[in-house]
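Take a look at the structure set out below.
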Amino acid sequence: MAPCAGPLPFRIFFFLAALDAVAGVAIWPCSALGLCSYMPAGNPISIWHRQELLFGMMPAVVAGFLLTALPRWTGSRAVSRGTVRALAGLWLAGRVAHGVAPSIAGPLVAVFVALLALMLTHRVIAAGNRRDIKIAVLLILFSAGAASAGNLPLEAEGEYGSRLGMAAVLGLLIILSGRIVPSLTAAYLGTSKKPSPMRSGDIVEISAAIAALIGLGAWVLAPVAQTAAVGCALAAVCQTARLLRWRAWQAAARPAILVLHVGYGWIPVGFALLAARFLHPRIPVEVMAAHAWTAGSMGLISLGVMASMIRRHTGATFASSAQMSAAYAFGFLAAVARLAADILDGARAQWLGLAAIAWIAAYILFLTDFRQGPLRRGLIAPLRCPMTDSGDDRS
């Protein structure tokens, strides 16, 4: 069997991720109308919402991407249909538990992510592809964060677990975006006969990786310490330098690529917000940074990567879609509005409402295009094995 033959895991996991993205935010309008303020086990909606997106939506996005890309990375067989269904069932069990038995939701998510790490580790070692072990390490950290945050959501350990989980996801985004974004940009510019922006293996990449490790590590361990602010300031500078080298302006005419650049841009914004604590300790930087990273980076990069992988496996890597362009615009609006809600206390409710509506609109548009528009072929078309790599899952 050819390495790329078999089921496409993204078909189920991207669909579930988008549904969960809508469900995780739709609770906010209910809260604003006074219909509910607490979820099961007395957890505030803000905690439930955070865990639903961080430990529900994001594991589904990661699973869809990694399980689909893994055969290409390792030259191995596609993940079996039974394995995909079992993992999807485990993910669904975690989401159901989050609603009716929160105490077991965290462990279920932790097991789900740990299984992804185990599958990744086994295949990359068998293929001699040891450089991807760092992805497995981040998955293990993500799993540990899910277990801690799920068991003790209102305790200090739960907050630590949430920070660890978020840092692990950001690490994954930083690594995978470094492969996907410049490769897609270069491929697109190549079709237009423009200079490629790809460069790798130099001081900028190394500095960005080290600075991100220092900044995220300091934030997880001691979020209010001045050392964390300094580390995050360094990370903001290095991540900005990395992003600028990808030359987003040269692909500005292609929303499907631009959204990945913009989504990545929220990563240095989050670091910069945490660094602002050094200037004014009373600024609510941690909440603002968390929303820059979740609503901004995770929301936009997830939309862009999911749509990109679907297009690639239908042989339409650079196809345009008016619905997806609108989804990207709504996703960006949601991130801006959510940050505004943290800054403008006098109009917090209005900005929260706008952020929720824009976020829901973005993912509903994705689902609509997934099921009815150009992306629909990703659900029903046979897997193609193009001779050229568009960069969606590896640089």
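The values are calculated or read from the model by the stated rules, or taken from the named source; none is laboratory data. Just so it is clear, the model here is predicted, and its values are computed rather than measured. Every residue, glycine as well, gets a Cβ built from its backbone with ideal geometry; the counts of neighbours run over all protein chains shown.
Regarding T74, is this residue modelled with pLDDT under 95, in the same structural domain as I140 (by TED's automatic domain parsing) and crowded, with 21+ Cβ neighbours inside 10 Å? Considered against the rule, which asks whether it is modelled with pLDDT under 95, in the same structural domain as I140 (by TED's automatic domain parsing) and crowded, with 21+ Cβ neighbours inside 10 Å, T74 comes out as no. Taking L87 as the residue in question, decide whether it is in a helix (DSSP H, G or I), more than 18 Å from the chain's Cα centre (by Cα) and surrounded by 22 or more Cβ atoms within 10 Å (Cβ to Cβ). So L87 passes the test. Just one of the listed residues (I206, I214) is modelled with pLDDT of 95 or more and assigned to a helix (DSSP H, G or I), namely I214. For the range 356-385, give me the residue count where each residue is at pLDDT 50 or above, in a helix (DSSP H, G or I) and loosely packed, with under 15 Cβ neighbours inside 10 Å. Counting residues in the range 356-385 that are at pLDDT 50 or above, in a helix (DSSP H, G or I) and loosely packed, with under 15 Cβ neighbours inside 10 Å gives 1. Restricting attention to the range 331-350, the residues that are without any contact (Cβ under 8 Å) to a residue 40 or more places away in the chain and either outside the structural domain of P284 (by TED's automatic domain parsing) or surrounded by fewer than 20 Cβ atoms within 10 Å (Cβ to Cβ) (or both) total 9.
Taking the range 51-101 as the range and being within 23 Å of G161 (Cα to Cα) and charged (D, E, K, R) as the test, the residues that pass are E52, R95. Scanning the range 220-245 for residues that are more than 20 Å from the chain's Cα centre (by Cα), closer than 14 Å to R277 by Cα and aliphatic (A, V, I, L, M) returns A222, V224, A225, A228, A229, V230, A233, L234.
Yes or no, residue by residue, for (1) over 20 Å from the mean Cα position of the chain (by Cα); (2) on the phi > 0 side of the Ramachandran plot; (3) of a type in the set (G, A, S):
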{"position": "L92", "(1), (2), (3)": "no, no, no"}
{"position": "P107", "(1), (2), (3)": "yes, no, no"}
{"position": "A117", "(1), (2), (3)": "no, no, yes"}
{"position": "V124", "(1), (2), (3)": "yes, no, no"}
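Within the range 132-145, can one find any residue that is crowded, with 22+ Cβ neighbours inside 10 Å, of a type outside the set (D, E, K, R) and over 20 Å from the mean Cα position of the chain (by Cα)? There is no residue in the range 132-145 that is crowded, with 22+ Cβ neighbours inside 10 Å, of a type outside the set (D, E, K, R) and over 20 Å from the mean Cα position of the chain (by Cα).
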